[in-house]
Amino acid sequence: MSKHINKYNNMPTDLDKNSNTPPGSGGGGALSQDRTVSSIPRSQKYGQSGPSQCPAVEAHDDKPTSSKQTTPDEKEMKKGGGGSSSKGASTTGNQDYWVYPSEQMFYNAMKRKDWNPDSKDMKFVVPIHNAVNEMAWLKILDWEKRYSETCGNPKLTKFEGRSKDYTPKARFRSLVGYQLPFDRHDWTIDRCGKDVTYVIDFYEGKKIPPPSNSSPQTHNLPSFYLDVRPAITDFESLCDRVKHFFGF
């Protein structure tokens, strides 16, 4: 997954090549069972603090949905490396990476949650899901730079979807005229032994109109804004928020 950001929609450039066809516009067929390895390292604490939650990554069954579903299992997404597509799990050196769900897994998970998905949309939705998560991790790493001397390799331990639990910041913003986020995640990272929780509010972003002579790939791209910050759980996280607010 690319770490280069498209200035027109503030998203990783790898998203562009997958986003030319909007949902519902065709392109059906069999859903892919290939999975993409993320750039997000997985902590060895994974599983010790309870299961993670996400609309898709919990799914473990690549087979088409049936009337009988088994319990979601995260073990299918626990390892990976290199950033290529994979049906199973792989490891780079001694480092495990989180693995994104396949189109089939994403579709199955949405069916289980009664979201009425359209299989034709999966080729569009899954790359967006992956790119947004990559963006969230990049923003977390930006916060973690202040701890690079003591911990140069933070890792993701777990994540929790809390779409209806609006944060005080999000509620205050809505009172002064801003939209509420369409989703919220809490990600717990392992900062070399210390558990640190980050709050991520997901908003629809504003698109910057590209130049008229630009490539068609820069037009009609999805745009998101992610408000990422450490949850205020102790004095250290409070100091981090204050320092960030004043540009330190």
Per-residue HN-Hα couplings for the range 36-43, Karplus 6.51 cos²θ - 1.76 cosθ + 1.60 at θ = phi - 60°, whole Hz, x for Gly and Pro?
9, 7, 7, 8, 9, x, 9, 6
Fully extended contour minus Cα-Cα distance, from ARG191 to SER148, at 0.36 nm per residue:
14.5 nm
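Values quoted throughout were computed directly from the atomic coordinates according to the rules given, and no laboratory measurement underlies them. Computed from a predicted model, the values in this text were never measured in an experiment.
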